[in-house]
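Okay, structure first, notes after.
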Amino acid sequence: MPDTVDSSSGGDVQRAGDATARVTTGGVLEAPEVAGVRTRWTPQRIAYTAVAVVVVVFLIVKAADDLRQFVIVTLNGVTLAALYFVVASGFTLIFGLMRVVNMAHGSLYLLGGYLALRMQESWFKEDTGLGLSLSGATDAEYGLMGWLIPLVVATLAIGFIGVGMQQVFLRWNQGQDLRQALITIALSVIIADQMLAEFGGISKDIAAPSSWPTSVLLPGDVRFGFFRGVVVLGSALLIGLLLWLMIKRTRFGKIVRAGVDDRDMVSALGINVNLVFAGAFFIGALLAGFGGVLGGTMISLAPGQDTAFLLNSLIVVIIGGMGSLGGAAIGALALGLVDSYADVYLIFGDTDLTNYSILVTFALLVGVLAVRPLGLFGRPA
Amino acid sequence: VTPPSTARLSWPAIAVVAILAALAPLVFDDFFVNVILTKALWLGVAAASLIFLAAYGGMVSLGQVGLLGIAGMTYANLVLADGGSPAAWNPWPAVVAALLLATVAGLGFGWIAARSEGIYFLMITLAFSVLVFYFFSQVTSLSGFGGVNNLDLPGILGNPEQDPVPRYYVTLVVALVVFIALRGLSRTAFGLGLQGVRDEPARMRALGFDVTLHRTLAFALAAFVAGIAGVLSVWYNRRISPGSINLEWTINILIIAVIGGLYRLEGAWIGALTYALIDNYSRKWVPEVGNVLGSARFNTIIGLVFLIIVLISPGGLVGIWESIRDRLGGRRRGGGSPTTTTTTGPEGGPAPGTVN
């Protein structure tokens, strides 16, 4: 390693990680003020409250117009949010403890889905008769194990791939956050290209067990997809609960929380930080892989989904605040609902603005960042 | 802490490179001039906007392709073209409008992003860039269903399909102006202030500088440069589609900047030339290894090159060159650390050093 190069880039990173610099420049006095003095009505706060009121009133009007549609759109948003949360919680966990922005998180998501799909197809696909089905392979039926085993194996595999990535590429330059981000970007480029070579460019999806119902009937004669509404939502709630218990109740969680606040102190106390980092990376990658299997069953697997889920994770944690689990939940909910409402409700009379729905997502991001540059629950690193 | 980016290419070195570049059409055939050199020049401008922010402002932005896309899409929609909006402006007002819109968008993005720094800045600008891509993907009235094609070009470019040389010279002049202007900017009060903000934001604030404003203006300036790259890119391609401003391109521009050297302006064009060469020739000499490697696996190759560069030399090719030179120079001078005070031309011997 050439000395000159190393010292220059290392210095840059040190500055970026410098706590005092972050406090004084990142917050611009606004963040502490908003957090501390809750009752002051600045013009900015009035403006934001006005926007919020308009949005709520608009949604109430739409809901009164067609309650059934509103319920379905809301459920769509919530289930989408559940998937976003599963993926983004892994992203935020890794960042919170290690300051590693894992730009390959979307690739791990997609790879998890593809691995499960490959396992499902090669282990559980039964030759039903002559295989002369005209409608393609979608007719194949799978039992519960034909979905669960690929789920478990693919999820664990992605966890181990994540640890391998961390140990080989990231461990030795801990603290150089920009360099680590660049390394994971390089890995994501390679992984995406290799996945394209191996799995092709056609959109595929993982089959849910055929014994599961396709939809459930909710009160008010609302039908909603069983997998989306029950499995994905249930998994997200379970994962949220487990992560919360892990972080609040276990020794590992205590170390993680301490590490988020002061990494150096934790390692000075004699804790094997490397082991903890590997563990955190395992869980973070595992969540990406798990999300990939859920997403591959709920939506689809295709090149570009890795980008989409990297972006979703980024937006979720930028809104919620990097490293905060609660922030990830709130951010995912905000993003999922906004995506879902904007896709349906941006029609005013004859003008259909649903094409511009991405602008609403953008406005959400900008709106949060304008008030809280570190996200809703973000704290200076 | 060593300032990362303060060495500058000297005037004689710039003159030599410019003359060599101007003579290139005499040496190389039209294909090479067009597909390698012209492409490398406009890619270099795009990468320079990123490197300018990284080197002088300490902000690694992934939003440059979004801004480039805004400029390119604006130009494409305003001039006569297949697809997009029906407007048929003269190309020059369209260029002005494109640059203006990119700069204004840059001011807006910058105002939001400038309050964060380091890795947060990277993520927020990445989100901007991808959102611009999704916007143009969704709004097909602006991006056409198969992109906007057969763009009208200004007369000065001639007819590039038959003779790409005029377009090469125009691109070369623009790239040179961009390089010299950005290089000169580092010595102005604004440039020095920006470097101060990069190194010691807290101290600069204590001195009465508006740190956020400085960053925002730098971002808007970089957006203007990215806008220039956007116009050059649509002049080069004569078409633009959402696919030419997607995440892949965002990362390609980052790869170019990092391969060249994230902390030296000239690295932008060194990286761009390397990229264009690999892009064009790797398809011929890379062996086919099953599905894993081969002529269709360009992204794997460029990803590997990128990975290796990041792992061994965060300063990119310029950094590798400098460390080799320092090692040789250090031996000649009998040790010492000349790393921050001298500078050289990109491919000549030690040029007269500029002390920053």
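Just so it is clear, none of the values below were taken in a lab; they were calculated from the coordinates. Because the structure is predicted, anything quoted here is derived from the model rather than measured. Cβ sites come from the backbone with ideal geometry, for glycine too, and all protein chains shown count toward neighbours.
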- Message: If exposed means no more than 14 neighbouring beta carbons inside 10 Å and the site is in a DSSP loop, what's the longest run of chain B without any exposed chymotrypsin sites (Phe, Trp or Tyr not before Pro)?
- Response: B:146-356
- Task: Please list the helices of chain B that count as membrane-span-like by this rule: a mean Kyte-Doolittle hydropathy of at least 1.0 together with Cα atoms stretching 27 Å or more along the helix axis, each helix being a complete DSSP H run.
- Result: B:91-113, B:119-138, B:165-185, B:211-237
- Item | Charge dipole magnitude, Cβ of K and R +1, D and E -1 - the protein assembly as shown, Cα centre, debye nearest 20 | 2040
- Note on the structure: Quick note, chain A: a/c under 1.5 would make it rounded; otherwise a/b > b/c is prolate and the rest oblate (a ≥ b ≥ c, C-alpha gyration tensor); here it is oblate
- Query: Can you give the mean number of other chain Cβ atoms that lie within 10 Å of the Cβ atoms in peptide A:308-316?
  - Reply: 3
- For the protein assembly as shown, the Debye formula with one identical point scatterer on each Cα and no solvent gives log10 I(q)/I(0) at q = 0.06, 0.07, 0.10 Å⁻¹ as -0.37, -0.50, -1.05
- Task: Could you pull out every residue, at least 5 positions away or on a different chain, whose amide H is within less than 5 Å of the one on residue A:223? Hs are placed 1.01 Å off N in the peptide plane, and Pro or chain starts have none.
- Result: A:218
- Within a Gaussian network of chain A (alpha carbon springs, distance under 10 Å), most fluctuating of A:197, A:104, A:285: A:197
- Note on the structure: trypsin sites (Lys or Arg not before Pro) in the range B:142-191 lying in a DSSP loop, each with at most 14 other Cβ atoms within 10 Å of its Cβ, come to B:187
- Query: Each label point is 7 Å from the Cα along the Cα-to-Cβ direction; what then is the distance between the points at residue B:188 and residue A:346, in nm?
  - Reply: 3.7
- Which ³J(HN,Hα) values in Hz, rounded to whole numbers, follow from the phi angles of the range A:290-296 under the Karplus curve 6.51 cos²θ - 1.76 cosθ + 1.60, where θ = phi - 60° and Gly and Pro get x? 4, x, x, 5, 4, x, x
- Query: Longest segment of chain A with no GluC sites (Glu not before Pro) in a DSSP loop having at most 14 other Cβ atoms within 10 Å?
  - Reply: A:142-381
- Query: Which is the longest part of chain A that has none of the trypsin sites (Lys or Arg not before Pro) sitting in a DSSP loop with at most 12 other Cβ atoms within 10 Å?
  - Reply: A:41-381
- Item | Whole-Hz ³J(HN,Hα) from phi, Karplus 6.51 cos²θ - 1.76 cosθ + 1.60, for the range A:347-358, glycine and proline x | 10, 10, x, 8, 8, 9, 9, 4, 4, 9, 4, 4
- The set of residues whose placed amide H lies less than 5 Å from the amide H of residue A:215, leaving out same-chain residues fewer than 5 positions away, is A:226
